[in-house]
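The values are calculated or read from the model by the stated rules, or taken from the named source; none is laboratory data. For clarity, every value in this text was computed on a predicted model and none was experimentally measured. Cβ sites come from the backbone with ideal geometry, for glycine too, and all protein chains shown count toward neighbours. Ligands, DNA and RNA are excluded from the accessible area calculation, which covers all protein heavy atoms including side chains. Shrake-Rupley method; radii C 1.70, N 1.55, O 1.52, S 1.80 Å.
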Amino acid sequence: MAGNVSARLVQLEEELAVTNRSLAKAHGQWDACTKQLGELEGKASELERALGRVTQLQEENENLKAEVVQQQKQLKDLQSSRDEVQLQNQLLKEQLQNMMSQHSGGDRILAVSFSLLALLPGMLLL
């Protein structure tokens, strides 16, 4: 019977050694998983920050688009005003030429002509 107990003890020690090795292997896997989980959590935090930045950039983009639309309208209005001033300028030039051709002489017409010419650059700035 002592031989049986001894054999059983050896068998139990071998089984305990196998269990210990399995436990050590499982512990190593646990540590690796814990490390991987930490890395994934870090990456998730980075992604959350990046997503927040993307959302912020999208909002800024929408604001900039609205600003561009507004500036395009202002540009169109300014171009229209410029065209109007250029047309007025052309009409004034034609009137001046007509006045000069109708009144070939005279200092008065010449003075009026110079006065009108002096006003033209100021009108272009409008």
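How large is the accessible surface per residue of the stretch 4-71, computed with a 1.4 Å probe and reported in Å² as a whole number? Could the numbers behind the result be given before it?
Working: 6120 Å² over 68 residues.
That works out to 90 Å² for each residue.
Along the stretch 22-32 the Karplus relation, 6.51 cos²θ - 1.76 cosθ + 1.60 evaluated at θ = phi - 60°, assigns HN-Hα couplings of 4, 5, 5, 5, 4, 5, x, 5, 4, 4, 5 Hz to successive residues, with x for each Gly and Pro.
Taking packing as the residue-averaged number of other Cβ atoms within 10 angstrom, the listed peptides 65-72, 90-97 run from highest to lowest as 90-97, 65-72. Straight-distance candidates among the aspartates and glutamates for linking to Lys76, with alpha-carbon spacing under 15 Å and chain neighbours fewer than 8 residues away dropped: Glu67, Glu84. Within a straight-line Cα-Cα reach of under 20 Å, Lys65 can be paired with the following aspartates and glutamates, leaving aside sequence neighbours fewer than 8 residues apart in one chain: Asp77. Other residues lying with their Cβ under 15 Å from the Cβ of Gln29 contribute a combined charge of +2, Lys and Arg counting +1, Asp and Glu -1. With all protein chains in place and a 1.4 Å probe, the accessible surface of the stretch 28-97 carries 55 percent carbon and sulfur. Working note: Karplus 6.51/-1.76/1.60 with θ = phi - 60° gives the stretch 42-49 the couplings x, 5, 5, 5, 4, 5, 4, 5 Hz, where Gly and Pro are set to x.
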